[in-house]
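The values are calculated or read from the model by the stated rules, or taken from the named source; none is laboratory data. In this text, all values refer to a predicted model and were calculated from it rather than measured experimentally. As a convention, Cβ positions derive from the backbone with ideal geometry for all residues, glycine included, and neighbour counts pool all protein chains shown. Accessible surface areas use protein heavy atoms only, side chains included; no ligands, DNA or RNA. Shrake-Rupley method; radii C 1.70, N 1.55, O 1.52, S 1.80 Å.
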Amino acid sequence: MTSRSFTAGVLTQPAPIDILLVEDNPGDAELTREALVDSKLLSRLHVVRDGVDALAFLRQEGAYVQAPRPDLILLDLNLPRKDGRAVLTDIKADPALRLIPVVVLTSSQAEEDVARAYELSANCYVSKPVGLEQFMTIVRSIEQFWLTVVKLPREAI
């Protein structure tokens, strides 16, 4: 359920939640976009295809100088140029970024990947299901939980 607020007697819509998806598979990126579009929640999805671009987006560098600070990051582990583990390490080591929740969303079900992601301070780890409907359900569940149940920090402390 999307919350609304009243300001000076006027009903206002909440600000959309910005989600950064770090995903090199165009099919998975498109499925994620479709799952979020079908939702009633206000969100904007930003997609980058590798770890180097993810950090540039987060640090507002180069082509991403106007990028918004995301409220949530969906991070694949197996990425070109800089893998998701290294990206997660950099995010959690940076005081300006470390409060942004990171959901590892990956095809790996390896116990060592799960353990390592949590060691690196991932906020949760979700394995991508193989089937289309299950994938859509997982993305909607992530969105529902992180955007309606959880209180997210809007700015770094």
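Each peptide in 44-56, 100-112 receives the mean, over its residues, of other Cβ atoms within 10 Å, and ordering these scores from highest gives 44-56, 100-112. Counting only alpha carbon atoms, the long axis of helix 84-93 and the longest principal axis of the chain meet at about 60°.
For Lys128, the aspartates and glutamates whose Cα comes closer than 13 Å to its Cα, not counting residues fewer than 8 places off in the same chain, are Glu23, Asp28, Asp76. Per residue, the accessible area of the chain comes to 53 Å² when a 1.4 Å probe rolls over the protein heavy atoms. Neighbours of Ala63, meaning other residues whose beta-carbon lies under 15 angstrom from its beta-carbon, give a summed charge of 0 when Lys and Arg score +1 and Asp and Glu score -1. Its relative contact order, with pairs defined as Cα atoms under 8 Å and 6+ residues apart, puts the chain at 22 percent.
Per residue, the chain reaches -10000 deg cm²/dmol at 222 nm when only DSSP H runs of four or more residues are counted, each adding -39500 (n - 2.57). Its Kirkwood hydrodynamic radius, worked out from the mean inverse distance over all distinct Cα pairs, puts the chain at 16.1 Å. The share of accessible area on the chain that comes from carbon and sulfur is 55 percent, using a 1.4 angstrom probe. Average 1/r across all pairs of distinct alpha carbons in the stretch 40-133, invert it, and you get the Kirkwood radius: 13.8 Å. Using Cβ point charges alone (K and R +1, D and E -1), the dipole size of the stretch 104-157 about the Cα centre works out to roughly 240 debye. Of all aspartates and glutamates in the structure, the ones whose alpha carbon falls short of 12 Å from that of Lys92, not counting any fewer than 8 places away in one chain, are Glu119. Indicate the gyration tensor shape class of the stretch 37-87 (rounded, prolate or oblate), computed on the Cα atoms with a ≥ b ≥ c the square roots of the eigenvalues: a/c under 1.5 is rounded; otherwise a/b larger than b/c is prolate and the rest oblate. Oblate.
D by Stokes-Einstein for the stretch 96-153, Kirkwood Rh over Cα pairs, 10 °C, 1.306 mPa s: 128 µm²/s. Taking the charge dipole of the stretch 64-117 about its Cα centre, with +1 at Lys and Arg Cβ atoms and -1 at Asp and Glu Cβ atoms, the residue from Thr89, Val114, Val103 reaching farthest to the positive side is Thr89. Of all DSSP beta bridges confined to the chain, the antiparallel ones make up roughly 15%. Only Lys, Arg, Asp and Glu carry charge here, each on its Cβ (+1 for the first two, -1 for the last two); on that basis the stretch 10-157 has a dipole of about 460 debye about its Cα centre.
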